[in-house]
1. Against the longest principal axis of the chain, how steep is helix 168-190, in degrees 0 to 90 to the nearest 10, with axes from Cα atoms?
2. Enter the accessible area per residue of the chain (Å², integer; probe 1.4 Å; all protein chains in place).
3. In nm, what is the difference between 0.36 nm times the number of residues separating residue 311 and residue 267 and their Cα-Cα distance?
4. Working from Cα positions, state the angle (0 to 90°, nearest 10) between the long axis of helix 291-315 and the longest principal axis of the chain.
5. With every protein chain kept in the model, how would you rank 170, 59 by accessible area, 1.4 Å probe, largest at the top?
6. In the range 1-19, which residues have a backbone nitrogen under 19 Å from the label point lying 7 Å from residue 67's Cα in the Cα-to-Cβ direction?
7. Between residue 29 and residue 393, what FRET efficiency comes out of the Förster formula 1/(1 + (r/R0)^6) with R0 = 35 Å and r the beta carbon distance, rounded to 0.05?
8. How charged is the neighbourhood of residue 6? Take every other residue with its Cβ under 14 Å from the Cβ of residue 6, and add Lys/Arg as +1 and Asp/Glu as -1.
Amino acid sequence: MSWWQLSRLGLVQAAIGAVVVLLTTTINRVIVVELSLPATVPGLLVALHFGVQLILRPRLGHGSDRSGRRTPWILGGLAVCALGGVGVAASIPVMATNVALGIALASIASVVLGAGVSAAGTPLLALMSERAHPTQRAGAAAITWILMIGGIIITAAISGTLLDPFSYTRLIQIAGGIGAVGFLVAAVATYGVERGARPVASVSASDEASRGSFSAGLRTVWNERAARLFASFVFVAMFAYSAQDLILEPFAGIAFGMTPGESTRLSGMHHGGVLIGMIVTALLATRRGQLRHWAAAGCLASAVTYVALAASPVLGDVRMFTAIVMLLGLANGVFAIGAIGSMMALTGDKTDGRAGLRLGVFGAAQALAYATGTMAGAVGVDTATVVLDSPLRGYLAVFSVEAVLFAASAFLALRSASSERANDVFRERAALLPAVLQ
């Protein structure tokens, strides 16, 4: 697959991110501010959309493995995703007059949204994993994330401009427009990319039979030690990564007296650091080192940076704190590319036709981590604040826990890499055994 084709597929991820971001930003704010409802409501809707992915990603990935083509799954998933986005927006005016009914409709729409993300996202990554050359995987991972972040930024900017003056009708129209544009972008981006035979080696009759059953295929994948270790790595690392989402900006205000505008710019610097880390890692990892080593290095760097973040109030220097946040973004970017590239390698290098199922398992681990990690960060701060009798100490305690989790995830990444190498050596020796016996 050419870099142009990989970039086109990255636009599909951007379309998915554009549809989902309306829930996590604009609709989140409308529920809390305009409707004066607890922040728990949008938090639960986001968790619900991730919870659906936990269940559906492996099964839909397996379905795309069996179908022979992944493009119909991607486009069908985008259509469902767009429908869910419009449904969530349409539930807001109902929520304004009947809270219980509105939340029920929003919950149903969030389930639809999560199903669409699962149906589109898992086959998309499976397609990229199968078609990308091993030297392209770091770059493909970077393209996917960068275009997704770019899609989120552009969508937020355009929808923010079009929403003034605000009305519920305008919100629904914008959600429909985003969904329609996202589907058209995905249709153009995927056109013709699956021409030719799938680059999967022939599968034996026994393997073919086992792939016919989802439960049997899932057991086969989960029995692979490397797959289990990598799924554990994805969960622990993404849990630590997502736990900071709701606490970094409040910490900046409490510890350093930053205004809302200053803390928002600080968050922008963190995301800028993530992008720089992704680009640098994509350029270097193409020629140097195994991707899981890059993932482990990013996790270790993130752990060290969280320790520095926990110590930053003692330094009392806003510029030093800003530099630490920027370094945290760089470390997170290295980890992200190493993790996604490793995920693609662990599936693309296999020849048993289960790329979608494997990515579904890893995607389920990621969804579970995001659903629990985001909430755990905020709850952890509140709990630690009560126990330690200090808001500042509460944040420092959570940052310390995140440092430990990132260090543990680095260990898991290295263990999964060594386990995969051991499996490769075993397979090579097993292949030579008939010749030796002769």
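1. Tilt relative to the chain: about 20 degrees.
2. In whole numbers, the chain has 43 Å² accessible per residue.
3. So the extension gain works out to 14.0 nm.
4. Computed tilt is about 20 degrees.
5. 59, 170
6. Once the point is set 7 Å along Cα→Cβ of residue 67, 9-17 turn out to lie under 19 Å by backbone N, inside the range 1-19.
7. Efficiency for this residue pair is about 0.75.
8. +1
The values are calculated or read from the model by the stated rules, or taken from the named source; none is laboratory data. Since this is a predicted model, take the numbers as computed values, not measurements. As a convention, Cβ positions derive from the backbone with ideal geometry for all residues, glycine included, and neighbour counts pool all protein chains shown. The accessibility values were calculated without ligands, DNA or RNA, using every heavy atom of the protein model including side chains. Shrake-Rupley method; radii C 1.70, N 1.55, O 1.52, S 1.80 Å.
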